[in-house]
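Student: What follows is a single structure, and I will ask about it in a moment.
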Amino acid sequence: MLISLAEYAKLHDKSSDTLRRLAGRGAFHTAQKIGRNWVLDSNEEYPVQKRSPKNGVGNTRATVVSLFSGCGGMDLGFVGGFEFLGKKYPKTGFEIIWANEISPAACKTYEQNIGSHIVNADINDAIDQMPKTADVVIGGFPCQDISINGKMRGIKGERSGLYTYIVEAVKKIKPKIFIAENVGGLLLKQNEYSLRKILEDFNALGYEISYQLYRAVDYGVPQTRERVFIVGTKKGLPKFTPPQPTKKHPITAKEAIGDLEGLAQNEGFSHIWSLANVSGEQGNRRLLADRPGYTIRAECHGNIQFHYSLPRRISMREAARIQSFPDTFLFPCKLRETERQIGNAVPPVLAWHVAKSAKRIVSE
């Protein structure tokens, strides 16, 4: 007989939050999600984690606290267990135990695809709710004031100064490693002060700090997106070694979205597109079939790039593909909000490669 997760929790004297995390990781054979609620067979035995004779932790995963989580692109990459364009990206061994995002719509997407551990609140209000310990802290702090497509105010801008909450989280949690992500524009000369200040604040935490520019296209993302990852590791642990590029030949736009050309609009699959006319300021670009897609932006106001062969702009599902979201990742929002969430996200495939490098340190 199928019963709710809450009923199963009472039967086994466990918390509902713990069971939701287990269900989300596939620990139950009969668990299934109906709407927003989990149900499972009342006769299924509670999963027992086996202990490893080496370190006594067995299948216990390395824990992660996530800030500025958005719809969950970076978190999906850190957890792994998804498929993109026929390639599998296995589970990494990380478990997100707490995440925070201010946007209710992004939280709705996150909860549907990743888990109910997302806290919808302003980071200023939520930071005191964080767990006291975790192995890793991650966060893609807002970049609009640093991006070349933004207002270029640097960290003095209202939003990009929010990186200080990642600093505060690291102070409180003292993880083995932390990872902060931002736009490639952080390395531009006009952002020299911002970069120096950010590095000074992170260095003051007593961690070994490194940073590197990543070209997403080098890691199996069909997009010319560039992002900076700042990594701090506790002294005494191995230094972080960036993942090596995996692609000599970039995935082209046609390889990424060509199979969707004949598909009719489908709102449930987010295969819907903006009808915005050509704009004199932005949105005039057309994808090239034999090249990777251009950077997917969050604030393009419907003026997303045009399809390489069809007389329309690309759909939200095509944009999600260019960002390396698997087709199983669903966006329960209207077009404009979906566009914003996809554009703000860290490509999951790129995040997966960074996570694999981070896992080697946490496992020490």
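The values are calculated or read from the model by the stated rules, or taken from the named source; none is laboratory data. Remember, predicted model here, so these are calculated numbers, not experimental data. Using ideal geometry, Cβ is built from the backbone for each residue, glycine included, and neighbour counts are taken over all protein chains shown. Heads up: the accessible areas ignore ligands, DNA and RNA and are worked out on the full protein's heavy atoms, side chains in. Shrake-Rupley method; radii C 1.70, N 1.55, O 1.52, S 1.80 Å.
Student: What accessible area per residue, rounded to a whole number of Å², is obtained for the chain using a probe radius of 1.4 Å?
Tutor: Using a 1.4 Å probe on heavy atoms only, each residue of the chain averages 48 Å².
Student: Out of the total accessible area of segment 234-346 (probe 1.4 Å, heavy atoms of protein only), what percent is carbon and sulfur?
Tutor: The computed percentage sits at 52.
Student: Per the helix-only calculation at 222 nm, which mean residue ellipticity applies to the chain, given -39500 (n - 2.57) for every DSSP H run of n ≥ 4 and division by its residues, nearest 500 deg cm²/dmol?
Tutor: Calculated mean residue ellipticity at 222 nm is -7500 deg cm²/dmol.
Student: Can you run phi through the Karplus equation (6.51, -1.76, 1.60; θ = phi - 60°) for segment 83-95 and list ³J(HN,Hα) in whole Hz, with x for Gly and Pro?
Tutor: Each residue of segment 83-95 in turn: 10, 9, 6, x, 9, 8, 10, x, 3, 8, x, 9, 10 Hz.
Student: Taking only C-alpha pairs under 8 Å that are 6+ residues apart, what is the relative contact order of the chain in percent?
Tutor: Contact order relative to length: 16 percent.
Student: Could I get the Rg over Rh figure for segment 251-364? Both from C-alpha atoms, Rh via Kirkwood, rounded to two places.
Tutor: 1.02
Student: Add +1 for every Lys or Arg and -1 for every Asp or Glu among the other residues with Cβ under 11 Å from the Cβ of Arg313, and state the total.
Tutor: The answer is +1.
Student: Right, something else. Rounded to a whole number, what % of the accessible area of segment 182-226 do carbon and sulfur atoms account for, probe 1.4 Å?
Tutor: 46 percent
Student: Let me ask another. Whenever you get a sec, line up Leu76, Leu330, Leu186 from highest to lowest accessible area (probe 1.4 Å, protein heavy atoms).
Tutor: Most to least solvent-accessible, the answer reads Leu330, Leu76, Leu186.
Student: Is there a pair in Lys108/Lys132; Lys88/Lys247; Lys172/Lys234 whose C-alpha atoms are over 20 Å apart, and which pairs would that be?
Tutor: Violating the 20 Å Cα-Cα cut-off are Lys108/Lys132.
Student: While we're here: Could you quote the convex hull projected area for the chain, Cα atoms only and averaged over all directions, in nm²?
Tutor: Taking a quarter of the hull surface, the average projection is 19.3 nm².
Student: Follow-up question, since we're still on this one. Glu267 to Arg291: FRET efficiency via 1/(1 + (r/R0)^6), r the Cβ-Cβ distance, R0 30 Å, to the nearest 0.05?
Tutor: Approximately 0.55, to the nearest 0.05.
Student: With the cut-off at 19 Å, report for segment 247-303 the share of all Cα pairs above it, as a whole percent.
Tutor: For segment 247-303, the share of Cα pairs beyond 19 Å comes to 44 percent.
Student: For segment 196-308, report the translational diffusion coefficient in µm²/s to the nearest whole number, using Stokes-Einstein at 37 °C, 0.692 mPa s, and a Kirkwood Rh over Cα pairs.
Tutor: Estimated diffusion coefficient is 191 µm²/s.
Student: Report the relative contact order of segment 193-309, percent, no decimals, based on alpha-carbon pairs under 8 angstrom and at least 6 residues apart.
Tutor: Relative contact order for segment 193-309 comes out at 23 percent.
Student: How many angstrom lie between the C-alpha centres of segment 87-120 and segment 306-364?
Tutor: That distance is 13 Å.
Student: Rg over Rh of segment 281-323, using C-alpha atoms and the Kirkwood radius, what does it come to?
Tutor: Checking Rg against Rh, the ratio lands at 0.91.
Student: For segment 196-250, state what percent of all Cα-Cα pairs lands in each successive 10 Å bin, counting from 0 Å until the bin that includes the largest distance.
Tutor: Taking every Cα pair in segment 196-250, the percentages come to 22, 40, 27, 11, 0.
Student: Something else about it: Between segment 1-21 and segment 177-233, what is the C-alpha centre distance in whole Å?
Tutor: 41 Å
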